[in-house]
1. If residue B:247 satisfies every condition in (1) surrounded by 21 or more Cβ atoms within 10 Å (Cβ to Cβ); (2) farther than 14 Å from residue B:277 by Cα but one, which is the exception?
2. Out of (1) surrounded by fewer than 18 Cβ atoms within 10 Å (Cβ to Cβ); (2) under 12 Å from the mean Cα position of the chain (by Cα); (3) not hydrophobic (A, V, I, L, M, F, W, C), the odd one out for residue B:150 is which?
3. Can you confirm whether residue B:218 is within 12 Å of chain A (Cβ to nearest Cβ) and touching a residue at least 12 places away in the same chain (Cβ under 8 Å)?
4. Condition first: open to solvent by 60 Å² or more (accessible area, probe 1.4 Å) and under 20 Å from the mean Cα position of the chain (by Cα). Now tell me which residues in segment A:31-60 satisfy that.
5. Filtering segment A:79-112 down to residues that are under 15 Å from the mean Cα position of the chain (by Cα) and either among the hydroxyl-bearing types (Ser, Thr, Tyr) or open to solvent by 10 Å² or more (accessible area, probe 1.4 Å) (or both), which residue is farthest from residue A:177 (Cα to Cα)?
6. Could you tell me which of the residues B:230, B:187 is under 24 Å from residue B:90 (Cβ atoms), open to solvent by 40 Å² or more (accessible area, probe 1.4 Å), within 11 Å of another protein chain (Cβ to nearest Cβ) and among the hydrophobic types (A, V, I, L, M, F, W, C)?
7. Can you find, within segment B:253-283, the residue that is modelled with the lowest pLDDT among those that are touching a Gly at 6+ places or on another chain (Cβ under 8 Å) and of a type in the set (A, V, I, L, M, F, W, C)?
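The values are calculated or read from the model by the stated rules, or taken from the named source; none is laboratory data. Remember, predicted model here, so these are calculated numbers, not experimental data. Positions of Cβ are backbone-derived with ideal geometry, glycine not excepted, and every protein chain shown enters the neighbour counts. Surface areas here come from the heavy atoms of the whole protein model, side chains and all, with no ligands, DNA or RNA. Shrake-Rupley method; radii C 1.70, N 1.55, O 1.52, S 1.80 Å.
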Amino acid sequence: MAMMAWRAAPVLTLTIRQFLGGKTARVVLALALVPALFALIWLVRPGDISPRFFLVETFRNLILPTLLPIAVLLLATAAFGNELEDRTLPYLTLKPIGRWRIVLGKWIAVLVVVVPLLLAGLVAATLLAARGPVDTASRVSNGGDLGPVLGAMAAATVAGAILLAAVFVLVSLVIPRALLAGMVYVFAWESLLGRFLPGVQSVSIRHAADSIFIAVLNDPAVTFAGAATLRGALLTVVIVSVVALALAALRLRSMNLE
Amino acid sequence: MSAPGAAPTAEPRFGEVYDRGYRHYEGPRHGQASSVWALARYSMARALGFKKSWTAKIIPILLYVGAILPVVVVVGVTAFFPAADVMSYPEYFSTIFLLEGIFVAAIAPELLCPDRREGVLPLYFSRPITRLDYVIAKMLAAAILTLTISLLPAVILWLGKQLLTGQPLAAMRDHLGDLGRIGAAGVLIAFYIGAVGLLVSSFTERKGVAVGIIVLGFLLTESLSGALSVALADRPPWDQWVILLSPSRTVFRMATALWGVEVSGRMGGGLPLGAVIGVMAAVVAVCCGIVAWRYAARD
Amino acid sequence: MTDKPRWMPRPVDDIAPSSAPLPGLGAGVEPTIVVDRVSKWYGDVVAVSDVSFGIAPGVTGLLGPNGAGKSTILKMMAGLLAPSTGTISLDGRPVRGNPLIYRRLGVVPEQEQVYPFLTGFEFVRLNAILQKLPDPAEAARRAIALVEMASAAERRVGGYSKGMRQRIKVAAALVHDPQTILLDEPLNGTDPVQRAALIALMRRLGATGRTVVVSSHVLSEVERFAENILVIINGKLAAAGDFHTIRDKMDEHPRAVRVRSSDPRRLAAALIEIPATGAVRFDGDGAFTAETDDVRAFCRAAPALARREGIHVYEIQALDESLSSVFAYLVGR
């Protein structure tokens, strides 16, 4: 079994082993459980907030802008970053395999680790939220339709992870402090600049993921100005990811490795 | 040692061991303070990416630009609309906080993590530098660097505001109190976030992990303390004290209390300035204590 | 000086026409690796300066003091670094941007780090898989046996000693049985027994017609396995060819020798009589500097002459940091 994984996808298997052996995966696991923690705190005093509203707000204001990008960034920048830091990358590049296969292996490894963890965290938060206001009518009206919310959250998470991982695998091959650059991007570009210049927002990763969330949830009450259509957002995810991965392969080809 | 296998030669071999220029240093020696300062200076240069490629410098530069940009905007707007008080100092300090957080995440791991990952600590400790000297030098470096971002832009803001009035000198004299408060706030923030950054960095060799935990810590504790504050609404004063779990809210409350600005209970309006500063000082002391303990010799 | 040497150290300012044999190659020998007018600089620091040579099958030692540019050259030969100018080819194909070249090339990198979470066997097998070998496990076992690591193969690399890590890296580089092998300081951190085993292995590889390039800063080591050496000093090719021939050439090379004695003028006058001595310059403080084109003869003659004249010689020292003194330093280690 392990042998088959090694033979079928050596770079992928190696990178997953790398992640699971280090602290990064544990930090990502802790991050994935944060929504559940917030759900627990909310359960103490739900007030007039319905489970559905709680989930939507938590996802759009905490998970999408903060947790998801940092969780993906941690792994995406470590995928090559750790090898560059430890100078082990030559063991992969001094091999007769296409550079795109190395890049692809790293990228998929990020997704294989981060997506299940984040989805598990979302499921846990949803299950906890479903235990919300038991004694009010809101459970009947809102508790029952948490499924679509979970589905929309999962779709947006997967799309956001794909896009973020592709872009930051590339960035980590270009800039030595890729994780910091990622933080500056996520918090300066997406949060601060986006607030003042709406145009900036529509070319941000968060915008694409948020649009997918809105479109999949398809709830007239939950939307924002300038949201892209599902098709448009998916197209953005695919095109940007493919271009980023192709550039990463080119960069790996021309990189100088000390 | 002669070269084995080399053909034995009849002539006398000369000068096999050359003086490679090694000399005992006989000159004056500086004291401990100077070696600590040297390490601190080197650490700062490294953290800011001096003598490295532009890609290593770009992040610190962007962060400095980001910290000064609001100041430029505020001063610029004030120049055209003198009546408008665009941004008060507490507002400035809370606006800039996330950026300062990222700055700490940029420099603190750079100060501690590579030395441990590359295993050069034994090299330092076999020099006339003790473990405590090392930690002190790193703390000094962290404090100076965070001061440059927490204090300098605010001082520029103060200067700009005064220079735009009719009589700059008189205005400066009148607003000396503000300058004092800026100094106090800047120092408190620098020590506080610097200590937290070093604490996190002392627990991992990977810069990436430290960077992530620091930035996330600043962000998540804000949401967490907000949520806890709501959950504890019927147990005052705990709903206000949980605000101090979050560095950003702590700094906001510290700045507002310093300038005597009223804020709502949810923002910690009921917390006295002394208590906030006390908690910040305690955090600094505990963080520094733990970092020193992490680096202390153990058998 | 009478016999024409098999090779010539190439003057740096002389760009050889392409028809002339490359430095490091005997006449009529086909090179596996050709390094053609390669320079590498970082900003304004020149690491390698206009180096050309060829490497033929057999074991070649890449020799030079630490920081001379050996590692940079080896990394460029491995395709890890792009030369600033010039080209490097293996079997007539460029090594840079050509991953397929690694089917015929095995590289043992300089860095000690190996994935610490893998066992030695897993690491070598990973290399076999990345080489797309039909039976990676079997190839890994064979390569591990070559470096005598079978007993430790199931342990994690993280717990290996330096020498064990070096050997597992060698196994990983040999797993696909490449025709050409580059090893960057492979003997670092090995104990004498491991060193002897690795040296025997490199000799075996060279004897079976493979091209083996080994960098080292210790000549006495290189002598034990390398038929040919390339000496790199200050980023330039200082010498190429057979060790003993180079050594003889060194002593014929003009160089400065400083002599300190009780009566420098009289000693200098006596020394100027022998043919080995060229120009003499007095430095004061009982010393003079003599140019000589035959250090051996000069150093044989000086003490004898001094004794005859009743002069005390305090010190005879080769001065220049040039090729010859650095080479002497290498030999002396």
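1. Every condition holds for residue B:247 apart from (2).
2. With respect to (1) surrounded by fewer than 18 Cβ atoms within 10 Å (Cβ to Cβ); (2) under 12 Å from the mean Cα position of the chain (by Cα); (3) not hydrophobic (A, V, I, L, M, F, W, C), residue B:150 is out only on (1).
3. Yes: the conditions hold for residue B:218.
4. Answer for segment A:31-60, where residues must be open to solvent by 60 Å² or more (accessible area, probe 1.4 Å) and under 20 Å from the mean Cα position of the chain (by Cα): A:33, A:37, A:57.
5. The residue in question is A:112.
6. Testing whether each residue is under 24 Å from residue B:90 (Cβ atoms), open to solvent by 40 Å² or more (accessible area, probe 1.4 Å), within 11 Å of another protein chain (Cβ to nearest Cβ) and among the hydrophobic types (A, V, I, L, M, F, W, C) leaves just B:230.
7. Looking at residues that are touching a Gly at 6+ places or on another chain (Cβ under 8 Å) and of a type in the set (A, V, I, L, M, F, W, C), I get B:263.
Okay, residues lined up against (1) among the charged types (D, E, K, R); (2) modelled with pLDDT of 85 or more:
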| residue | (1), (2) |
| --- | --- |
| B:214 | no, yes |
| B:218 | no, yes |
| B:221 | no, yes |
| B:226 | no, no |
| B:233 | no, no |
| B:237 | no, no |
| B:249 | yes, yes |
